Each structure stands twice: as structure tokens, then as C-alpha cells.
1. For the ranges 95-107, 265-277, what's the packing order if you count other beta-carbon atoms within 10 Å of each residue, average per peptide, and put the highest first?
2. Given 0.36 nm per residue, what is the gain on full extension from ASN256 to LEU186 after removing their alpha carbon distance, in nm?
3. Quick one: pull the percent of accessible area on segment 57-203 belonging to carbon and sulfur, 1.4 Å probe, ligands and nucleic acids left out.
4. Report, in deg cm²/dmol and to the nearest 500, the calculated mean residue ellipticity at 222 nm for the chain, where each DSSP H run with n ≥ 4 adds -39500 (n - 2.57) and the sum is divided by the residue count.
5. Where both residues lie in the chain, what percent of DSSP beta bridges are antiparallel, nearest 5?
6. For segment 167-302, with every protein chain kept in place, what is the accessible area per residue (1.4 Å probe, Å²)?
7. If I take every Cα pair under 8 Å that is 6 or more residues apart in segment 222-361, average their sequence separation and divide by the length, what percent do I get for the relative contact order?
8. For GLY187, which sequence-distant residues (separation of 5 or more, or a different chain) have an amide H within less than 5 Å of its own amide H, given hydrogens modelled in the peptide plane?
Amino acid sequence: MNRSFKLIRVLCLMLAVVLSVAMFAGCKGDGDGASSKDDASKVTTSMENTEVVKQYEDQGHPTLPETKDLGGYEVTFACPYPNLVIPEEGETAEEDLILKALKETEKAYNCKILVKGMPYNDPEEVVASISAGEQYANVIMPVVFIAGAFLQTKLCADMLQEDISQYIDMKQPWWNDTMAYASNVLGSVYAGAPSICSPADYTFIVYFNKNICDDVGIDSAELYKLWKDGNWTWDEFIKYAKMAGKDIDGNGVIDNVDKDRFGYIGPGYDSIQAFASSAKVASITTTDGMNPTYTFNTPHAITTLTKLNQLFTTDNIYGLGSWDGMRFLSMFSNGNALFLTYKLETMRNDAIRDMSDDWGILPMPKGPKDGGGWQDKYMSRVDHNYALTMIPATVEDKASTALILESMAFNYFKIINKKIETYATLYCRDDESVEVANSIYNTSTFEISQFLYGINAGAWNSQVETLVRDVVRNPAFDVSGAVNAPAELAQQMINDYFNGV
């Protein structure tokens, strides 16, 4: 990227930050209260992210009271990433805006917001505290892969109970509606995904190398047009990836991860799950939290996973047979692959920022639809390291906690999504990539199975979900046999989880 173009990007970033400051001058909008228990448990369709931000940037919260005196009430957030809640002052412009948003909530409701760390990958300390009747914190923010322990044991409050739902409405765009579905256990919603931690940052996308595009005759504008027209699909992804492979070391096979060029690279286990979400394939489904059912063995899932097995093993486009640390990232940044699937926030990583080759981004392509054709919208998995929000069942004043949480979710929504625009403006190499980055919020998808990762010593992963690894690495894999073999065990594990066993 030449210096003049980079300067333009920086100037645009400065303008974006100035515009962000103006967002807090809004007034209170009209609204008619929080959602009902029935309505809040249903999955809705969000507007495009850029439209949502524009709609609310000059408004206050549509339903919360403008002010309320909570008498200095202290609300503590426990989070493995404390700076998500209260960042260090002066670190970055967008983090200073977050601090401004936090102060707005404290001023409006005469409260004090505090933060403390909690273990990243072990729920035992927090579970023990809440089980003993202690509050631990007003809001806990475990990462998704350990959060199942709290849902299974019902140690967190139902977000649909009246003292909470009078303020928190998960149909609003600052809450991810697929989390309201994924954390719904028999009609009670136990976790939320507000923009305090941005789901978009953790959502899998596609990075592509523009230099390789030029080398093999792919027009980058053509890729962006496919996205805009809704025609960016698995088949298009495979077609272009096949064009990029090149045997550079001259041994007649594209197999050298240091020298050869591949069509596609990424963390196989996580990426295949992102592909699965783009096709509405999941190992567990419910009807608004009821009738939990093992669904990896449905005809649609089997057909889709079989196609993924071919993509990863026999289409001759994928560059790693198994997990190899962060090797996939260096391979892409060194120009050894056309496509990379990884998180949106990865563009801030030095490996991507400092690439000598030019690059762009796209959402995960649309997967197959049950019955034929392609999905109607772009969807992708949110990574299991996302920090969600729960209110422990032991919190005494859940109403005040919910009021403050909802206010922060709304205020951080306007800033967190602006943060994506600001870092995309700074790091992306073209305007189309900035547009894509702003749309990723609308593709972020959570799955019920993510809550089963951290229970029963990882039994769900080792005995059921592990088949995804085999889909990545074993050619002509017997998907039907693999998904049907653990069906009875899987259903029993699902039943135990939903029944709190």
C-alpha cells in the first residue's frame, strides 16, 4: 500500500472518530417497554449494521428512563478481558469513547461500574462461589466455551424474568439474537451477547490475496460484486481457490506449506464450523429452547458435511492437514494462499497489517440450503473465545443490574461498531473491505453446541463434535456413518445438559 493511500486512510479514521463523539448528543426515543418471554426467545433478522448505527447514532435509548437515582449502586463486571468493560484511558481514541459511554451510564443512573478479572478457561472458581450463595459479581462474562457449566447448573438468572426483562430486550440490535436462541434452555434464556464485547470482532470472515488474484486472472471487483449481489457462495469460493494453486517447488504436487501456493488456508476445526453455520448446519437444534435434538445426522447436515469433506480434502485447495498452531496465518501473510478464513479482528494483527501483498475481505460464503439452492443471507460462526454476559442467580438487585447492563449494551453498541469502522478504515486496503467489515455484525451466529464444549470434561467435543476434525483431514470420509454412530449417546448428553444433570 503506497504512503499517500495510507495517509488518506488515517485522515478518514480521524474523521470517523470525530463523528463518533457526536453520537452521544442524542435524546430519548419513543418505545413501549421490554420484550415478553415468548417474543424474546425467537430469532429475528437484524438490519444491515451500517443502517442500524445510523438509525440510533443521534438518539438515546428507546425504552430506558433517561435518568434514575440508584443511590451510588455499585455494579461489578467479572470478565477475562477486563479492558472490554473499562479500557485504559488514553490508549486509543475508540477506547476513550467507550470510557465516555461508561460515564454517561454512571451519570444517568447515579451508579458506579467496576470490573474484575475472572479465569479465562476454567469456570470452577466462579461456579463454586455462586454455588455457595455468593454474588461473585453482578455480571459475569465467561467465554462461550466454558459458559455451559453455568447454564447446565442454572447458576445464572433467566434473562426473561420480569425484573430483568423490564429493561433488557434481546430483540434490539445491540443484542445478538442468535445468542438468545443458543442460550435458551427449556424456555429460559440464560446468556446474552451485547456489544460490550463485539460479536463481529470474533466472527469468521474470508481474507483474500489481491496479488494472487492478479497473477491468476481474478478480478477483485468481481469478488466484491458477487458479495453485493448475494452470489458469494461455497461453489464460487471453491472455483476461485482452484485457480490459485501452484506447484512452486517443482515436485509435481501442491503440498509444501513453505513454498507451494494453495487456494485456501485457515484453522480447519474452527473454519469448518464457520462453514457449517453458513449452511445452517448444527449438531443441536431446539424450538425456542424446547425439544432439544441431535441434528448432525439429518439429510441436510450429512450432505453439507460431505461437501465440506470434499472441499478440505479432495478439491486440492486446502493447505493444512491438521492444526499447526498459527501456521495458517503466516502462510497467508507470506503469500502462500489465496483465501484465509479467520476472525474479523485479525486484520489488526501485525501479520496482516504488514503484508507486502495487497488484500481484501469478504464474508463467509453462503452455504447450501436444505432442499437446494443457497442460503438467503450470509452467516458465520462467532469464535468460542467471545465473552458473553450473564447475571448470577445470587444477585439480589437484578433490576438495577439489568438497567445498567442494558444502558451499557446500548452505549457500547454505538461505540463498538464504530470501532470496527475506524480500524477497518485504518487497516483495510480498499473501500469495499470497509463496507464488508461494517456488514459482518449482521452475519454473526452462535450455536447451542458451543455451550457443551466445557462440560463433562469435554465429553461432547471428544465423542461427538470431534468428527468435524475428521471431515477436515480424511478424504472420502464416511460422514453418514460418523454422525449416526454417536446419535444415541449425543441425544443423551443433550438431554442431560438441558435437564441440568
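1. The densest-packed peptide leads the list: 265-277, 95-107.
2. Length gained, ASN256 through LEU186: 20.2 nm.
3. Values: 2410 of 5310 Å².
Whole-percent figure for carbon plus sulfur exposure: 45.
4. Rounded to the nearest 500, it is -12000 deg cm²/dmol.
5. Percentage antiparallel, nearest 5: 55.
6. Values: 4240 Å² over 136 residues.
In whole numbers, segment 167-302 has 31 Å² accessible per residue.
7. 28
8. Answer set, sorted by chain and number: MET290.
The values are calculated or read from the model by the stated rules, or taken from the named source; none is laboratory data. None of these values were measured; they are calculated from a predicted model. Quick reminder, even Gly has a Cβ in these numbers, built from the backbone with ideal geometry, and neighbours come from all protein chains shown. What goes into the accessible areas is simple: the full protein's heavy atoms, side chains included, and nothing from ligands, DNA or RNA. Shrake-Rupley method; radii C 1.70, N 1.55, O 1.52, S 1.80 Å.
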